[in-house]
Every structure is written in structure tokens, then in C-alpha cells.
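S.K.: First, the structure itself, so that you have it in front of you.
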Amino acid sequence: MELQWPLIIFTTLVAWSAGLFASQCVLAFQGGARKTQMTSWIVAAVLLVVGGIAVFLHLEHWERIFNGFGHLTSGITQELIAIVALAVVALVYLVMLRRSADETVPQWLAVVGVAVSVVLVAVMAHSYLMPARPAWDTPLWILAVLGNACILGPATLVVLMAVKGDLGAGAAAVTTAAPRAAVAGGSTKPAARA
């Protein structure tokens with residue numbers, strides 16, 4: 001089977017976008033990286049849009065993508081629902097960010113942003129689990145895509161924070177919280193030190 005570059009680009013960019021948005025939400029929950037919030041939101045939105053466009057290039061007749069949306073069990077339908085959910089949460093996040101005088105968002109919204117980001121990545125990765133492709137048909141693929149999101153998102157956020165002069169305690173928090181959450185089953189609290 002030849003490489004399907006549009007699907008590779010879609011999967012990578014959407015995971016990257018979700019990882020960046022989730023990392024941004026982790027810092028927003030902690031009240032950090034205030035100067036970087038808007039820039040991070042814009043970069044995450046661009047990654048999501050470009051990834052979304054790439055998936056259409058996978059099909060020779062892109063309009064046929066809509067044929068799969070009629071079935072809720074279809075992977076592409078589930079991906080669309082998760083992407084729309086992330087887009088709605090991201091738009092609410094943007095509105096709250098713009099209305100805030102101090103570049104903050106409510107903590108509940110940050111928690112929802114992380115949860116929706118994780119669900120999107122898991123749903124997107126799950127759509128690749130197919131018995132017809134035994135090499136892909138493993139739950140480890142879901143962990144691999146979540147791992148990509150947990151690496152690309154925080155790394156991008158740290159670069160944006162450095163560019164904006166917003167580094168500090170927030171950089172340490174974002175670079176350790178996401179990988180720790182992936183390993184510890186969702187907890188972003190530091191492990192107790194002996």
C-alpha cells in the first residue's frame with residue numbers, strides 16, 4: 001500500500017493542534033502564559049484548519065467524503081463530531097479570552113478544552129483501527145497518536161512562549177504536565193517526591 005500523505009498530514013496536524021490547545025488550556029488553568037494565549041490559539045486553529053483541508057485531498061472525488069457522514073459508527077463521522085466539538089470549545093475559549101482584561105479564561109473551560117482535545121485525538125486514532133489492516137489494528141496506535149499530541153503541543157507552546165518572552169514557571173508546567181498525564185492516566189499533578 002502506498003503512503004496516503006493527506007491522511008498522514010491530517011492525523012499529524014490535528015493531533016498537533018489538539019496537543020497545542022490542550023497545553024494552552026493546562027497553562028490557562030494554572031493562570032500562566034498570559035502573553036502567549038492568543039498566539040497559541042491562532043497557531044492551534046491554523047493547524048486544525050490545514051489538517052481538515054488535507055483530509056479532503058485523500059479522496060479522488062472529495063465530495064464523496066459526505067457519503068460517510070450519514071452513519072454515526074463511521075470513523076469519519078466520529079472524527080467530524082469530535083473536530084466540531086473542539087472547534088466550538090475553541091471558539092468559546094477565544095470569546096472568553098477576548099473578553100478578559102487579563103488574558104485569562106475560566107478554569108472550567110480550560111478543563112473542558114483538555115478533555116475535548118484528548119477525545120478528539122483518541123477518536124481520530126481509533127478510526128484507523130481496522131481488522132483488514134492488522135498492523136494498524138492495535139490500541140497502541142491510539143497511545144502513539146496521543147503521544148504525538150503530548151510532544152508536539154507542549155513543544156510548540158514552549159517555543160511560542162520563548163518568542164513572546166513568556167517563559168518561566170509555565171514552561172516547566174506545560175512540558176511536564178502533558179507527558180505525565182499521558183502516562184498517569186490523566187493526572188497532571190506532580191508525583192510526590194521522596
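All of the numbers you see were taken from the coordinates with simple rules; none came from a lab. Since the model is a prediction, treat every value here as computed from it, not as a measurement. With ideal geometry, Cβ positions are generated from the backbone for all residues, glycine too; neighbour counts draw on all protein chains shown.
S.K.: Of 40, 117, how do they rank once you tally other Cβ atoms within 10 Å and put the fewest first?
M.R.: 40, 117
S.K.: May I ask you to sort 41, 136, 16 by Cβ crowding, counting other Cβ atoms within 10 Å and putting the fewest first?
M.R.: Least to most surrounded, the residues fall as 136, 41, 16.
S.K.: Additional query: Mind checking the full-extension length gain between residue 136 and residue 76? Use 0.36 nm per residue of separation minus the Cα-Cα distance, one decimal, nm. Walk me through the numbers before you get to the answer.
M.R.: Working: separation 60, 0.36 × 60 = 21.60 nm, distance 1.65 nm.
So the extension gain works out to 19.9 nm.
S.K.: Then there's this: For each of 137, 102, 166, count neighbouring Cβ atoms within 10 Å of the residue's Cβ, then give the residues from fewest to most.
M.R.: Lowest count first: 102, 137, 166.
S.K.: Any idea how far the Cα center of the stretch 1-59 sits from the one of the stretch 136-164, in Å?
M.R.: 10 Å
S.K.: What are the ³J(HN,Hα) values, in whole Hz, obtained from phi via the Karplus relation 6.51 cos²θ - 1.76 cosθ + 1.60 with θ = phi - 60°, for each residue of the stretch 45-50 in sequence order, with x given for Gly and Pro?
M.R.: Residue by residue, the stretch 45-50 yields 5, 5, 4, 5, 5, 5 Hz.
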